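Take a look at the structure below.
The values are calculated or read from the model by the stated rules, or taken from the named source; none is laboratory data. Note that the coordinates shown come from a computational prediction; the quantities given were computed from them, not determined experimentally. Here the Cβ positions follow ideal geometry from the backbone for every residue, glycine too, while neighbour counts run over all protein chains shown.
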Amino acid sequence: MLLCNEIAPIHDKRRLLAALDRALSSWSTYAPYLEGFRTRLKRVRGVPPEQIPRDMITMNSRFAVTDDHSGDTMCYTLVFPGEEAPREGKLSALSPMGMALLGARVGEEVAWLSAAGPETAVVKNVLYQPEAAGHYHL
């Protein structure tokens, strides 16, 4: 989870904080979750992309997770708000699941509260990470 690793690519941190500011002004239903995420994100140290571990989920990473309840493995890409497309596996970083997964590393279990109740999943693999591939999106 984001708090555990305490680092994020500096460009992702800046862009997410701006997205959070916009979301907080219009998403009143999710405001308590977004405010908590914003507080945690502000504490995270922004680092150059080269310093990000290759097994960490960052923005635009493609990864596989296994649902603890069903045992199903699913692939997602973590995207900025406005780019989400659930049917294409594009998960917004400001969704409850996205907030839980940002900064998670392979082998970690993440938990979030969905509309159906508490959910957990284990990060199985990071299939693509922009920082590891040298694709820095400044």
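Quick notes on this one:
- Where a residue in the stretch 41-62 is on the phi > 0 side of the Ramachandran plot and its partner, wherever it lies, is in a helix (DSSP H, G or I), with Cβ under 9 Å and at least six apart: Asn60/Asp12; Asn60/Pro130
- Residues within the stretch 90-110 that are modelled with pLDDT of 95 or more and over 18 Å from Pro9 (Cα atoms), tallied: 6
- Test: residue in the stretch 5-25 that is buried (at least 17 other Cβ atoms within 10 Å of the Cβ), among the basic types (Lys, Arg) and touching a helix residue (DSSP H, G or I) at 6+ places or on another chain (Cβ under 8 Å): yes
- Residue in the stretch 68-96 that is surrounded by the most Cβ atoms within 10 Å (Cβ to Cβ), counting only those that are under 11 Å from the mean Cα position of the chain (by Cα) and more than 20 Å from Pro130 (Cα to Cα): Ser95
- In this entry, Ala132 is excluded by the filter for residues that are surrounded by 17 or more Cβ atoms within 10 Å (Cβ to Cβ), in contact with a Ser or Thr (Cβ under 7 Å, 6 or more places away or on another chain) and among the small types (Gly, Ala, Ser).
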